[in-house]
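Have a look at the structure below, then the notes.
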Amino acid sequence: MTSLDRREFLLGTAATLAAGSARATGTSAPAGRRAGYGCAFNLWDLEADPGLGKAVSQYCTQVVPECELKWPMLRPSADKFSFARADAIYDFARQNGLTMRGHTLAWYHDIPDWVKQISDPRTAEQVFVDHISTVVAYYRDKLTSWDVVNEPIPDNARKPTDRRDSYWSKMLGDRWIPLAFRTAADADPSVKLAINEYDVESVKESFLAKRAAFRNLIQTLLDQGVPLHSVGLQCHLHGELEVDTDGLASFVSELRSWGLEVLVTELDVIDNQLPGDVTLRDAIVARRANDVLSAIAASGPLDSILSWGITDRHSWVSQQLPRADKLPNRPLPLDANFQPKPFMDVITKFAKVA
Ligand code: XIL
């Protein structure tokens, strides 16, 4: 593709819509879009696969960059911010009448080597604060919400006060989390600020312990007056595990009673332990998605559902959690040929067609 073709493609995939701030919600979406539904994708796939942009603009009302707002892509070096790739996704979103959310500012993972080489806590704090304030200010008034802190709880939490160890916790102590939120709020006072976590949805001892620690952290942050508005449940569901519908529903209801909004941020169903038969596999995948969305929707509105990808053609699950039998993974609402699967019917049930 020439760069002109590429630009035309990125900007013109769907009917061009509504001018005005991309943060504006409430613009009427074209027929067929699922209200509040969106997905993650990365720019390489968007550029290489014309079907992807078409599917996003056909089904979605919002997007989230899969990699382009993480530290390694934004920060090639200490003195450089590199927004071009995230901006290209933002332009795509805006030109197609989609909103965009941000992922993610502070995470134990994906910390560039030049950061990890900093061993002085004061310098680390400066870099941390500078990154968050620069990035949030750059996108001020453009995004709907930010995953400020991603995955703060360890997988093997033993008690509710457990927190994940990371470079940031080593350098800054526990206050890295409140500091991230306060810095983000200063840089964009009206964007919603979220804390995001995975493996808190299903029935398994370690998931229940992780959820208890996540709950404890959220409560502690609210007690400290930290500007936290939303809780992101990633919902990378494990196909072989039942969703803990009752426990999850009461957790979500409690979060709402604390004034928090609950977002589904990264829904997909990891199918590497499921039977190979496609019809059966798709049915189980849809059931898990239905169970988790039902539990979350039981106590209030579910205004934002994002899946981590939209088509089985492009999914982190195929790369990182392939099946032992070598059959292609099927974790997402559309199959590899962009045909809707039963999972998409579930999305449509919870995010009504406009
Ligand atoms: C994943 C991306 O999908 C991959 O392409 C990348 O290689 C690693 O990160 N939880 C998260 C996401 O919060 O940022 C992760 O995304 C998937 C798990």
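The values are calculated or read from the model by the stated rules, or taken from the named source; none is laboratory data. Since this is a predicted model, take the numbers as computed values, not measurements. Every residue, glycine among them, receives a Cβ derived from its backbone with ideal geometry; neighbour counts consider all protein chains shown. When the accessible area is computed, the model is the full protein with side chains, heavy atoms only, and any ligands, DNA or RNA have been set aside. Shrake-Rupley method; radii C 1.70, N 1.55, O 1.52, S 1.80 Å.
Once the 1.4 Å probe is applied to the protein heavy atoms, the stretch 242-313 comes out at 34 Å² accessible per residue. Loop by DSSP (not H, G, I, E, B), at most 10 other beta-carbon atoms within 10 Å: where is the longest site-free stretch of the chain for trypsin sites (Lys or Arg not before Pro)? Between the exposed loop sites, the longest stretch runs 159-325. Pairs spanning more than 29 Å between alpha-carbon atoms, out of K54/K210; K80/K159; K54/K352; K159/K352; K159/K341; K170/K192: K54/K210; K80/K159; K159/K352; K159/K341.
Which part of the stretch 34-58 falls in the paramagnetic zone of V353, meaning amide N under 12 Å from the point 7 Å along Cα-to-beta-carbon? Correct set: 34-35. Karplus-based coupling profile of the stretch 34-43, in residue order and whole Hz: 8, 4, x, 8, x, 8, 8, 7, 10, 5, with θ = phi - 60° in 6.51 cos²θ - 1.76 cosθ + 1.60 and x standing for Gly or Pro. Calculated accessible area for the stretch 137-177 comes out at 47 Å² per residue, all protein chains present (probe 1.4 Å; ligands, DNA, RNA ignored).
Between D91 and A35, the simple label model (points 7 Å from Cα in the Cβ direction) yields a spacing of 3.2 nm.
Using the alpha carbons alone, the radius of gyration of the stretch 149-206 stands to its Kirkwood radius in an Rg to Rh ratio of 1.03.
Per atom type, the chain shows carbon and sulfur on 51% of its accessible surface, probed at 1.4 Å.
Any idea what log10 I(q)/I(0) is at q = 0.23, 0.30 Å⁻¹ for the stretch 64-122, Debye with uniform C-alpha scatterers and no solvent? Per q value, in the given order, log10 I(q)/I(0) is -0.93, -1.27. In the chain, the DSSP beta bridges split such that about 10 percent are antiparallel, to the nearest 5. Rounded to the nearest 20, the Cβ-based charge dipole of the chain about its Cα centre (Lys and Arg +1, Asp and Glu -1) stands at 440 debye.
Ellipsoid semi-axes for the stretch 217-315, based on the Cα gyration tensor and the rule √(5λ), read 29, 14, 11 Å when sorted largest first. Only Cα sites of the chain enter the Debye sum here, all with the same form factor; the resulting log10 I(q)/I(0) across q = 0.14 1/Å is -1.21, listed in q order.
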